[in-house]
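To start, the structure itself, in structure tokens.
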Amino acid sequence: MNEADYEQAVAAHYEGLYAFGYSLAGNADDARELTQETYCRLLAKGAQLRDATKVKSWLFTTLYRIFLGWRDRRARLPHFEIGTVEGELPVITPAHVDVLENDAIRDSLLELDEHYRMPLMLFYLGDHSYEEIAKILDVPIGTVMSRLSRGKSLLRECLLTRAVRRGDQAPVLSFERKSHEAP
């Protein structure tokens, strides 16, 4: 679908699509969101539409499917005001958070290739300098620095992937060290 076809689809069907979204959702904000998401999908998948004369039915069908997805998700994951369920929430202390984050970091570190994991562990856990790590690993100091940089990036990615899979928030890593030297 080219830009002209897209603009024509918006001009021709926006009002009707919005009205349909409003009739499903029952409020203007959700109707706008449904309509916007439908047109976003048209941009992304419009090339798959073989017959341009069927764009109207495609739009309405897509909006309806988006609405059904929202409804199903809301049924599975109902929204509660925090004040109404506060007594049911488990008590989580800072120590619990530290343990969970440390476990995630440890497990993520173990997923890294050894040539990234070792410099990270020596620098942050062993408190070694770049020069010491270079001697221990028998590599140039520039290699140590690049492996530390790349290792930190890979560790962040791994933690983010792990958090997304579990639906959690990724731990925030500052990569600061008490020593005077930092990568």
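Below, the figures for the structure above:
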quantity	calculated
Separation in nanometres of the label points that stand 7 Å from Cα toward Cβ, at ALA75 and ILE105	4.3 nm
Heavy-atom accessible surface of segment 1-74: percent carbon and sulfur, 1.4 Å	49 percent
For ASP51, net neighbour charge (Lys/Arg +1, Asp/Glu -1) across residues whose Cβ lies under 15 Å away	+3
Phi to ³J(HN,Hα) by Karplus 6.51 cos²θ - 1.76 cosθ + 1.60 over segment 118-131, Hz, x for Gly, Pro	4, x, 4, 5, 5, 6, 8, 8, x, 6, 8, 7, 4, 4
Amide hydrogen neighbours beyond the local backbone of LEU49, cut-off 5 Å, H modeled	none
J(HN,Hα) series, segment 43-52, from Karplus relation 6.51 cos²θ - 1.76 cosθ + 1.60, nearest Hz, glycine and proline x	4, 6, 10, x, 5, 6, 6, 7, 10, 4
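The values are calculated or read from the model by the stated rules, or taken from the named source; none is laboratory data. Note that the structure is predicted; figures quoted are calculated from it, not measured. Every residue, glycine as well, gets a Cβ built from its backbone with ideal geometry; the counts of neighbours run over all protein chains shown. For the accessible areas, the whole protein counts, side chains as well, though only heavy atoms, and no ligand, DNA or RNA atoms are used. Shrake-Rupley method; radii C 1.70, N 1.55, O 1.52, S 1.80 Å.
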